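Undergrad: Questions regarding the structure given below will be posed in turn.
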Amino acid sequence: MKATYEYAAAINWGKRKYECFDAFAKVADIFTLCDGANSCKSSGKLATELAHLFSEKASFLDSETIDREHAISRIVMDIHETYTLKKNPGASTLLSLSILEDSYEMVSIGDSYGKVFMHKLDGGWEETCSIPRDIDYKGYPWQLIGSDVFELVHYHRFNRDQMACVFLMSDGVGDFIKNSDITRLLNKNILEKFDQTNLQDIVYSLLNISEDRGSKDDKSICLVFIEKNE
């Protein structure tokens, strides 16, 4: 039996840039956030389709699959090839969290922010992992699904031996907040038990911080609290 989780999300806060908005999908125990690239006006539409398509395809993957990294990478590559063969305009990032029975996994392509914070044995919260971001020396994403440049899928898997908070954030939020902002809010709002209200308060607080610090981009967050597997 899967350990329980709670989540809260806020998608597309702020002003949309043309049709290059963010998109979010939850299918079964899979959460996917996509951020349409500003280089093409139709990227928001592609992001919306991509978030749902990836989540649905990943949900059919057998949880007992031995090499899940390869299987998930194949799903992403197949979707990308379909878009490029159709010469579908637009491109998008992809950041996804899948909750399994005794673990959880994250997949990322592009410059969105995936962060994992775990509850320490002596109390409090700390960041334990930050998923690599595909950015070049100018700070631009160097690979996107549907673009001419796409080479690899970032994949990370975590055991459920500690309580965890996983943040999926578009760059409209992630570029403007610090880890200290997150740990302060986690330590303030949650000790050992989360509920949906606690999580939503944290989400709104981070959105407001990024807005106050000058973010003009679309702002999206999905926050998932995962209980440890007893």
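The values are calculated or read from the model by the stated rules, or taken from the named source; none is laboratory data. Only a predicted model underlies this, so the values are computations on that prediction, with no experimental measurement involved. Neighbour counts run over all protein chains shown; Cβ positions are idealised from the backbone, glycine included. Surface areas here come from the heavy atoms of the whole protein model, side chains and all, with no ligands, DNA or RNA. Shrake-Rupley method; radii C 1.70, N 1.55, O 1.52, S 1.80 Å.
Undergrad: Quickly work out the N38-to-C129 label distance, labels modelled 7 Å from Cα along the C-beta direction, and quote it in nm with one decimal.
TA: Here the answer is 3.0 nm between the modelled labels.
Undergrad: Apply the Karplus parameterisation 6.51 cos²θ - 1.76 cosθ + 1.60, with θ equal to phi minus 60°, to every residue of segment 81-94 and state each ³J(HN,Hα) to the nearest whole Hz, in sequence, with x for glycine and proline.
TA: Working through the residues one at a time gives 4, 4, 5, 6, 5, 7, 6, 5, x, x, 7, 7, 7, 8 Hz.
Undergrad: Here is a follow-up. When the chain is fully extended, how far beyond the present Cα-Cα distance does V149 get from A71, taking 0.36 nm per residue of separation?
TA: Contour length minus Cα-Cα distance gives 26.0 nm.
Undergrad: Okay, moving on. Just reorder K228, K138 by solvent-accessible area, largest first, 1.4 Å probe, all chains present.
TA: K138, K228
Undergrad: Let me ask something else. Lys/Arg Cβ at +1, Asp/Glu Cβ at -1, dipole of the chain taken about the Cα centre: which of L185, T65, C165 is farthest positive-ward?
TA: Result: L185.
Undergrad: Sticking with this one: Ratio of segment 72-230's C-alpha Rg to 2.2 N^0.38 Å, to two decimals?
TA: For segment 72-230, the normalised Cα radius of gyration is 1.10.
Undergrad: What list of ³J(HN,Hα) values in whole Hz, one per residue of segment 118-135 in order, does the Karplus curve 6.51 cos²θ - 1.76 cosθ + 1.60 (θ = phi - 60°) give from phi, with Gly and Pro shown as x?
TA: Residue by residue, segment 118-135 yields 10, 7, 6, 4, 8, x, x, 10, 8, 6, 10, 7, 10, 5, x, 9, 8, 10 Hz.
Undergrad: Using a 1.4 Å probe on the protein heavy atoms, what percent of the accessible area of segment 94-181 belongs to carbon and sulfur?
TA: 46
Undergrad: Now for a different question. Using alpha carbons only, how many angstrom separate the centre of segment 51-86 from the centre of segment 140-169?
TA: Segment 51-86 and segment 140-169 have Cα centres spaced 13 Å from each other.
Undergrad: Moving on to the next point. For the chain, modelled as a Gaussian network with Cα springs under 10 Å, which listed residue fluctuates most, S43, S130, S92?
TA: S130
Undergrad: For A37, what residues show an amide H to amide H distance below 5 Å, using hydrogens built from the backbone and excluding near sequence neighbours?
TA: Amide H neighbours of A37: A91, S92, T93.
Undergrad: Rounded, prolate or oblate: which fits segment 80-142, taking a ≥ b ≥ c as square roots of the Cα gyration tensor eigenvalues, rounded meaning a/c under 1.5, else prolate when a/b beats b/c?
TA: It is oblate, given that a/c is not under 1.5 and a/b is not larger than b/c.
Undergrad: How much accessible area per residue does the chain have, counting only protein heavy atoms and a probe of 1.4 Å, in square angstrom?
TA: Accessible area per residue, the chain: 48 Å².
Undergrad: What number, rounded to the nearest 500 deg cm²/dmol, is the helix-based mean residue ellipticity at 222 nm of the chain, given -39500 (n - 2.57) per DSSP H run of at least four residues and division by all its residues?
TA: -9500 deg cm²/dmol
Undergrad: Specify whether the C-alpha gyration tensor of segment 73-113 places it in the rounded, prolate or oblate class, a ≥ b ≥ c being the square roots of the eigenvalues: rounded for a/c under 1.5, otherwise prolate if a/b is larger than b/c and oblate if not.
TA: In terms of gyration-tensor shape, oblate.
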